[in-house]
Amino acid sequence: PGVVRWTALFSRRWLRRTVVAAGAWMLMDVATYGVGQFAPSVLAELFTGWSGAGTIAAEFSSLKGAFALDSFLLLGFVMGMWAVPRLGPVKMQCIGFLGMAAGMCMLVVAVGPSGGAPPNFVAVITGFSIFNLLMNMGPNSTTFSLPPLLFPPEIRGTAAGFSAACAKVGAVTGTLFLPTIKDAVGISGTLALLAALSGTGFLVTATLGRGLLPTTQPGG
């Protein structure tokens, strides 16, 4: 067989699978890298700004918060290793995106309008923790594996490469632009945007990914 052009991914035959593989991965990376870059500064701004404890206390608070949040990343990977083979990558990706959206929505409620009362520390940490846990249980454990599962050998490499490239676009977008968006619309608006992106990832996976893979996985 000849070389498959990447434009074949947008043909009627493969477009649905391309959107599931590349689109969901890009959405996940926008949210993931955005949260990873500005979560510590958000924690410091939310809590130290009201306490008036100064810059050193702000950095200490953000480092403690970041360490606590990172522990849920590891736990999510461990739980994903158990859950994905049993529930399947599409279902776990849906569950993960829903959890990411729920975590961000919890943060929106906890933070409230700009200039309001200090948010509940437990609620903020819980929201970020849910986001990290479900992200690694779901999309961060499934998006890279979907292209090989969704496409046949003759187009699999092209699909995997294109999906990974879209993910990198999402990563750069989240890293570079979410801090600027936070300055423009505030913390609550940025968190709401992340919730919407995660919800979109769920809709893409749930609607377009339905029926593309077996519901039960070998050895599950």
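Laboratory data are not the source of any read-out in this text; all were calculated from the coordinates shown. Quick caveat, the model's predicted, so the values are computed rather than measured. Using ideal geometry, Cβ is built from the backbone for each residue, glycine included, and neighbour counts are taken over all protein chains shown.
Could you check the range 141-174 and list, in sequence order, the residues that are within 10 Å of W25 (Cβ to Cβ) and not hydrophobic (A, V, I, L, M, F, W, C)?
Matches in the range 141-174: T142, T143, P147, S163, K168, G170.
Out of the helices (runs of 4 or more DSSP H) lying entirely within the range 72-177, which hold 2 or more residues that are buried (at least 19 other Cβ atoms within 10 Å of the Cβ) and within 12 Å of the chain's Cα centre (by Cα)?
89-111, 121-137, 139-142
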